[in-house]
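Below is one structure, written out as structure tokens, with a few remarks after it.
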Amino acid sequence: MIKRELKEKIVIYLLLVISLFSFIFLLLNINNTNILTNLDRKINLLVENHQSSFLLTISKIISDIFEPAIFIFLLLIITFYLFQKKRKKEAICLIFLTVVSFSLEQLIKIVTQRIRPLNAAVLEKTFSFPSGHAIMAIIFFGTLVYLFENHIKSHKKRNFLTILSVLFITLISSTRIYLNVHWFSDVLASFALGTFLLISYIIIIQHTDIFKTKQSF
């Protein structure tokens with residue numbers, strides 16, 4: 001049991017380091033003319049050549065439904081639920097995670113000022129890097145799985161929740177690329193940053209005893 005817990009901790013901290021350095025690498029190279037920007041342009045043109053009016057409409061609907069503001073609202077609902085269940089530590093940490101995630105995403109946009117693709121299918125007024133949709137999707141679905149998966153008795157239902165969450169994250173992020181409102185590296189960096197923030201949240205919950213709570217359902 002001890003060896004298993006040790007392995008899990010090693011994996012968690014390894015993912016934390018990998019996601020952080022991956023984001024830093026992408027952040028430092030988004031405006032350089034190199035393999036990364038060339039890949040961005042190739043994927044952008046490839047997507048443009050394979051767009052259809054039907055899929056564009058579907059992508060727009062998905063992007064509108066899963067706006068970052070919607071995720072923030074849903075996270076607040078989960079926070080309220082956790083407070084109701086006397087899970088104060090998780091609730092307070094989730095508020096902090098939500099505020100930090102959204103604020104950091106907005107700050108990075110202002111600092112980097114990366115221009116969105118000129119062939120974007122919809123008008124976006126903010127800068128391109130990183131993708132708020134992708135970050136908030138990872139934060140929401142990631143915390144959803146972490147906070148509630150262990151309370152689902154059925155193994156099949158737990159797997160279903162995890163798979164469904166991964167599919168939603170992938171779908172939401174893919175629509176941003178399909179609409180050409182983000183470069184591929186924007187979404188890639190958002191995965192890295194979102195993963196780093198999510199794992200940080202998990203580590204804080206698992207290794208702090210600031211709030212003593214009773215977990216009940």
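Gyration tensor over the Cα atoms of the stretch 17-144: the corresponding equivalent ellipsoid has semi-axes (square roots of 5 times the eigenvalues, largest first) of 31, 20, 12 Å.
Averaged per residue, the chain has 59 square angstrom of accessible surface, using a 1.4 angstrom probe with ligands and nucleic acids left out. Every helix of 4 or more DSSP H residues in the chain counts as -39500 (n - 2.57), and over all residues that averages to -25500 deg cm²/dmol at 222 nm. The loop-placed chymotrypsin sites (Phe, Trp or Tyr not before Pro) in the stretch 31-72, going by DSSP, include none that has at most 10 neighbouring Cβ atoms within 10 Å of its Cβ.
Want the number for Glu149 to Lys42: 0.36 nm per residue separation, take away the alpha-carbon distance, what's left?
34.6 nm
For the stretch 2-122, with all protein chains in place and a probe radius of 1.4 Å, 72% of the accessible heavy-atom surface sits on carbon or sulfur. Straight-distance candidates among the lysines for linking to Lys85, with alpha-carbon spacing under 30 Å and chain neighbours fewer than 8 residues away dropped: Lys9, Lys153, Lys156, Lys157, Lys212, Lys214.
Using only the alpha-carbon atoms, how far is helix 88-112 inclined from the longest principal axis of the chain? Give it as 0 to 90 degrees, nearest 10. In the chain, helix 88-112 runs at an angle near 20 degrees to the longest axis.
What is the angle, in °, between the Cα long axis of helix 184-206 and the longest principal axis of the Cα atoms in the chain? Nearest 10 is fine, range 0 to 90. That helix lies at roughly 10 degrees to the long axis.
Counting only the Cα atoms, the stretch 1-87 fills a convex hull of 204 Å³ per residue. Dividing the alpha-carbon radius of gyration of the chain by 2.2 N^0.38 Å (N being the number of residues), what value is obtained? The reported ratio for this selection is 1.08.
Residue separation of Val99 and Phe25 scaled by 0.36 nm, minus their Cα-Cα distance, works out to 24.2 nm of gained length.
Among Thr98, Thr175, Thr162, the residue with the largest mean-square fluctuation in a Gaussian network model of the chain, with springs joining Cα atoms closer than 10 Å, is Thr162. The C-alpha radius of gyration of the stretch 87-203, expressed as a fraction of 2.2 N^0.38 Å, stands at 1.15.
State the extension gain, in nm to one decimal, for the chain segment bounded by Glu5 and Lys60, taking 0.36 nm per residue of separation less the distance between their alpha-carbons.
Taking 0.36 nm per residue and subtracting the Cα distance, the gain is 15.5 nm.
Of the accessible area of the stretch 124-166, with the probe set at 1.4 angstrom, what percent is carbon plus sulfur? The computed percentage sits at 64.
Excluding same-chain neighbours fewer than eight residues apart, the lysines reachable from Lys125 by a Cα-Cα span under 25 Å are Lys42, Lys60, Lys109.
The values are calculated or read from the model by the stated rules, or taken from the named source; none is laboratory data. Bear in mind the structure is a predicted one, so any value in this text is a computation, not a measurement. Cβ: placed from backbone, ideal geometry, glycine included. Neighbour counts: every protein chain shown. With ligands, DNA and RNA removed, areas are computed over all heavy atoms of the protein, side chains included. Shrake-Rupley method; radii C 1.70, N 1.55, O 1.52, S 1.80 Å.
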